[in-house]
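Contents: one structure, followed by commentary.
Here, each number is a calculation from the coordinates, and none is a lab measurement. Bear in mind that the values here come from a model prediction, so they are computed numbers and not experimental data. Neighbour counts run over all protein chains shown; Cβ positions are idealised from the backbone, glycine included.
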Amino acid sequence: MLDPLLRPASVAVVGASRTPGKVGHAVVANLIGCGFAGAIYPVNPEAEEILELPCFPALAEIREPVDLCVIAVPPGGVEAAVEEALAAHVRAIVVLTAGFKEIDEEGAALEARIARLCQSRKVPMMGPNCLGLINAHHKMNASFATQMPKEGGISIVSQSGALCTAILDWAKARRLGLSKLISMGNKADLSETDFLKAFAE
């Protein structure tokens, strides 16, 4: 069930940005920098190219299948982005955006709606309010972390993105390899149980 999330053949980044320092820029840069072998599709209606990759105005304009859709738009645009992703038949979604149940009741209601949307289509969703995920063996860094670990045999699952970044720093200092690093955020859909099952398989 989680193969499109953990081992995607293609990744679209909705909210990709030309501006260094923005989350949507970091995710595209990380996918390129880690040597991801699959297709990378930046999505931004105001850009023609991001980091030398052709940019698409909408997911619907991508004519190839998209396994993983990473969403990095402001909270008010997340629900529409999720609906667009589902309409485009993406196979897994990561919502990096913060501003949901960790903020207030309105955010909690929005989070519940996007979770129900994904569950109704049986599309796994990670997040919202998360760092993203890394699969070192798949050469995929679909996060806005500043480091890519070398390959190893340890996988990390954490609610906290801050803890994930601290572990990446710790592992680098000790030259310790990692397999996967998962930042679950608010766990609106996928939780540690889902990832532990996937890893056990």
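Put simply, the Cα atoms of the range 54-124 extend 38, 26, 14 Å along their principal axes, the longest span coming first.
Rounded if a/c is under 1.5, else prolate if a/b beats b/c, else oblate: with a ≥ b ≥ c from the C-alpha gyration tensor eigenvalues square-rooted, which is the range 1-118? Verdict is prolate for the range 1-118. Within the chain, the percentage of alpha carbon pairs spaced more than 30 angstrom apart rounds to 13%.
Computed extension gain for GLU192 through ALA87, at 0.36 nm per residue and net of the alpha carbon distance, reaches 35.1 nm.
The Rg/Rh ratio for the range 1-47 is 0.99, where Rg is the radius of gyration of the alpha carbons and Rh is the Kirkwood radius. Restricting the range 60-116 to trypsin sites (Lys or Arg not before Pro) that sit in a DSSP loop and have at most 16 other Cβ atoms within 10 Å of their own Cβ leaves ARG63. Here is the list for the range 66-107: GluC sites (Glu not before Pro) lying in DSSP coil, each with at most 15 other C-beta atoms within 10 angstrom of its C-beta, are GLU102.
Think of the range 81-201 as having a plus end and a minus end, set by charges on the Cβ of Lys, Arg, Asp and Glu; of ALA162, LEU133, HIS89, LEU133 sits farthest toward the positive end of this dipole.
Rounded to the nearest 20 debye, the dipole size of the range 156-201 about its Cα centre is 280 debye, using +1 on the Cβ of Lys and Arg and -1 on the Cβ of Asp and Glu.
Beyond 30 Å between alpha-carbons counts as too far, so tell me which of LYS172/LYS197; LYS101/LYS150; LYS150/LYS197; LYS122/LYS172; LYS22/LYS197; LYS22/LYS172 fall in that bin. As for pairs spanning more than 30 Å Cα to Cα, those are LYS101/LYS150; LYS122/LYS172; LYS22/LYS197.
From most to least packed by mean Cβ count within 10 Å, the peptides 168-181, 30-43 give 30-43, 168-181.
The dipole here belongs to the chain: it is taken about the Cα centre, uses +1 on the Cβ of Lys and Arg and -1 on the Cβ of Asp and Glu, and is about 740 debye.
Each of PRO8, GLY99, GLY24 was placed along the dipole of the range 1-114 (beta-carbon charges, centred on the mean Cα), and the one lying farthest toward the positive end is PRO8. Close amide-amide hydrogen proximity is noted between TYR41 and VAL11, ALA12, VAL13, each under 5 Å apart and 5 or more residues distant or on a separate chain (H modeled in the peptide plane; Pro and chain starts excluded). Separation of the range 132-201 and the range 5-30, taken as the distance between their Cα centroids, equals 16 angstrom. Hydrodynamic radius of the range 118-201 by the Kirkwood approach over all distinct alpha-carbon pairs: 13.0 Å.
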